[in-house]
1. I'd like to verify a number: residues in the stretch A:154-163 that are outside any loop (DSSP other than H, G, I, E, B) and in contact (Cβ under 8 Å) with a residue 40 or more places away in the chain, how many?
2. Is at least one residue of the stretch B:243-252 buried (at least 23 other Cβ atoms within 10 Å of the Cβ) and farther than 19 Å from B:LEU326 by Cα?
3. Within the stretch B:27-42, identify whether any single residue is outside any strand (DSSP E or B), among the charged types (D, E, K, R) and under 20 Å from B:HIS97 (Cβ atoms), and answer yes or no.
4. Of all the residues that make up the stretch A:104-116, how many are more than 8 Å from chain B (Cβ to nearest Cβ) and either touching a residue at least 12 places away in the same chain (Cβ under 8 Å) or in contact with an Asp or Glu (Cβ under 8 Å, 6 or more places away or on another chain) (or both)?
5. Which of the helices (runs of 4 or more DSSP H) contained wholly in the stretch A:207-326 include at least 1 residues that are over 27 Å from A:LEU6 (Cβ atoms)?
6. Among the residues of the stretch A:164-190, count how many are within 15 Å of ligand 2 (Cβ to nearest atom) and more than 15 Å from the chain's Cα centre (by Cα).
7. Looking at B:ALA87, B:ALA71, can you tell me which residue is within 16 Å of B:GLU30 (Cβ to Cβ), open to solvent by less than 10 Å² (accessible area, probe 1.4 Å), of a type outside the set (Val, Ile, Thr) and assigned to a helix (DSSP H, G or I)?
8. I'd like to check something: does the stretch B:82-90 contain any residue that is under 30 Å from B:TYR303 (Cα atoms), within 14 Å of another protein chain (Cβ to nearest Cβ) and more than 17 Å from the chain's Cα centre (by Cα)?
Amino acid sequence: MEKATLLEWYRQMVLIRRFEERCDELYQLEGKIKGFLHLYIGQEAVAVGSIGARESGDHVITAYRDHGHALTVGSDPGRVLAELMGKATGVTGGRGGSMHLVDTERTFWGGYGIVGAHLSLAVGLALAEDYKGTDRVCLVYFGDGSTNIGYYHESLNLAKVWNLPVIFILENNKYGMGTSVERASAETDLLKKGMAYNMPGRRVDGMNVIEVYEATTAAIDAARKGEGPQFLEMQTYRYEGHSIGDRTRYRPQGELDQWRDEKDPIATLQAVLLNDYDVTEDELLAIQNEVMAEVDAAAKFADESPDPALDSLYDHIYPGVIGEVN
Amino acid sequence: MPRLTLREAISEALREEMQRDPNVFIMGEEVGEWGGTYAVTKGFLEEFGERRVRDTPISEMVIAGAATGAAMAGLRPVAEFMTINFAFVAFDAIVNHAAKVSHMFNGEIKAPVVFRAPGGGGKQLGATHSHTPDVIFAHFPGLKVVSPATPYDAKGLMKAAIRDDAPVMFIEPVPLYTSPRVRDDVPDGDYIVPIGVSDIKREGRDVTIVTYGEGLHTALDAANQLAKEGIEAEIIDLRSLQPLDLSKALASFKKTFKCVVVEFGHGTYGIGAEVAAQLQEKGFDYLDAPIKRVAQAQAPAPYAGALEKSALPNAEKVIAAVKEIL
Ligand SMILES: Cc1ncc(C[n+]2csc(CCOP(=O)(O)OP(=O)(O)O)c2C)c(N)n1
Ligand SMILES: [Mg+2]
């Protein structure tokens, strides 16, 4: 791997973590973020490594735990944070909130709040590329809990029946809210649940950004060549609760510590950079400081942004229609 | 001008739109090889091929979701539900995704998808297969809902639906598909009937009948009989339930001071309830008598022929309602 690429991934992962930590403060200490807030801390390597493997024009779509994906595709942190604070300058002008970020310029089709639903949209995005005869693919992210909903099964099945270029990226963080895979899924080997639909699948250390990148690159190549949908099970862990207010009492004592202390994605990459790439502590510190400044600036921008105009309520109910009440 | 049945008119609209725009395609259960459950797409597979006439598995969630996703990426899908009863399985994809993306993402995404849904009862298919649930879909901002009663309107509305940037639920009254009495002069080639514009189907001075779909023909039967007794009913065909155009209904009501609403769905929370509410709000001073509703009985549709018939609107019930308020 190129050193510059690894440093960029390091920066992206640190950005996600600092961004999420700031969101937590803005919610719990300052009361400036409301509603649901699903943090991505611990899972950074999945978004960074896999989106790092796509080419521009390839689609990205995910569920409600979407801040990491938005920042990785390159959405402006200030506008993302403004969205979380319900401001007019937010990525959807304060309409979507934390769960519904979007950036179509970067072919990021959004976060979606209904478990599993966006898998069907992903099939449609891939269908459109197949229909037009391009070689673009669609990366779709979803959790372990989502493998139990009908949308999941219908979407994997149709993607395979129609041989569509979808990369199904399962972020297996062991829990859907408070329910573990063991308590929710008749088949606890979730890789099998993907391969049941007759597509190639691979289990990946989702805490290792390089492995995520390599596995996703191979999957994208195959789909691009017309080999149809691919399945990747990323083994990962969410450090925080499902959403703000979750005290995670359902987790066995020591489980979090084990993941954080032994497998943390940022620490893992940091070790690679220091040991194998002659990067110095100072260089990494400089990146961290840069990111801190970026998050500070984002927070300032969001905080100083105006609220949405109340008369915008009816805008875009129908595409292109502004201000009309039906 | 050729005289077409409702089914032939819809079929012609679909064919012409597919010839006009290469991005229009059809997907659904049995739309291809079978030729469409109600034969609306008969011959389409032969004419347009498998890429544009796509048989799906029995997977309503992903039919609706993937059609929405493909629309988001720039295609113009026409997704067929075998019947509207099965759209309930896809309710989330329709009302929470197709209908929401434009507003929730602040106009950044649009989903120009048409959901075709044959609906209606009276065919002794039992409670699960005999719904007229049209009004439910009209409840949600973001979705357009149309239901034609004549072949002329059907062709023009289908073309409008396919070209509309909003998602459209296109509800086709099955009992009218091949009915010889609804045969109509339908122009060859291109014309549009705009969505959200109601139509006066019969002029009269004594009472206003507001209806749509199958109800139009029941209302016309009633009006013909009433005319023999010197009672002239004016009939407004809503054609679209969302956006709902009550301008002609209100103008007519201000002339007749009396109104009966005829709908084939259940009456509770139905179209009649909405029409009555709006007419009294906007025309209270013209109210000479209660606004009457003739609707399907508030009971699940039974199988037995006479029993089912007794639950549905008919001309006698409309005549009785009119006479009650004259
Ligand atoms: C259809 C539906 N049912 C329930 C919920 C409530 N809910 C939100 S997230 C969630 C857990 C999903 O877990 P998983 O797919 O593993 O994703 P994770 O939160 O771990 O990223 C539940 C039950 C929902 N949003 N949608
Ligand atoms: Mg999970």
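The values are calculated or read from the model by the stated rules, or taken from the named source; none is laboratory data. Please read these numbers as outputs of a predicted model, since none were measured by experiment. Methodologically, a virtual Cβ is constructed for each residue, glycine included, from the backbone with ideal geometry; neighbour enumeration extends over all protein chains shown. Accessible surface is based on the protein model in full, side chains and every heavy atom, while ligands, DNA and RNA are left aside. Shrake-Rupley method; radii C 1.70, N 1.55, O 1.52, S 1.80 Å.
1. 4
2. The answer is no, given that none of the residues of the stretch B:243-252 is buried (at least 23 other Cβ atoms within 10 Å of the Cβ) and farther than 19 Å from B:LEU326 by Cα.
3. Pass one, the stretch B:27-42, residues outside any strand (DSSP E or B): B:29-42.
After this cut, where a residue has to be among the charged types (D, E, K, R) as well, the list is B:29-30, B:33, B:42.
Those left that are additionally under 20 Å from B:HIS97 (Cβ atoms): B:29.
Within the stretch B:27-42, one or more residues are outside any strand (DSSP E or B), among the charged types (D, E, K, R) and under 20 Å from B:HIS97 (Cβ atoms).
4. Let us first name the residues in the stretch A:104-116 that are more than 8 Å from chain B (Cβ to nearest Cβ), namely A:105-108, A:111, A:113, A:115-116.
Still in the running and either touching a residue at least 12 places away in the same chain (Cβ under 8 Å) or in contact with an Asp or Glu (Cβ under 8 Å, 6 or more places away or on another chain) (or both): A:106-108, A:111, A:113, A:115-116.
The qualifying residues number 7.
5. Numbers: elements: A:209-224, A:255-263, A:265-276, A:281-304.
Result: A:255-263, A:281-304.
6. First, the residues of the stretch A:164-190 that are within 15 Å of ligand 2 (Cβ to nearest atom): A:168-185, A:188, A:190.
This time we only want the ones that are more than 15 Å from the chain's Cα centre (by Cα), so: A:174-185, A:188, A:190.
Qualifying residue count, the stretch A:164-190: 14.
7. Working: B:ALA71 fails: within 16 Å of B:GLU30 (Cβ to Cβ).
From the options B:ALA87, B:ALA71, the qualifying one is B:ALA87.
8. Yes, some residue in the stretch B:82-90 is under 30 Å from B:TYR303 (Cα atoms), within 14 Å of another protein chain (Cβ to nearest Cβ) and more than 17 Å from the chain's Cα centre (by Cα).
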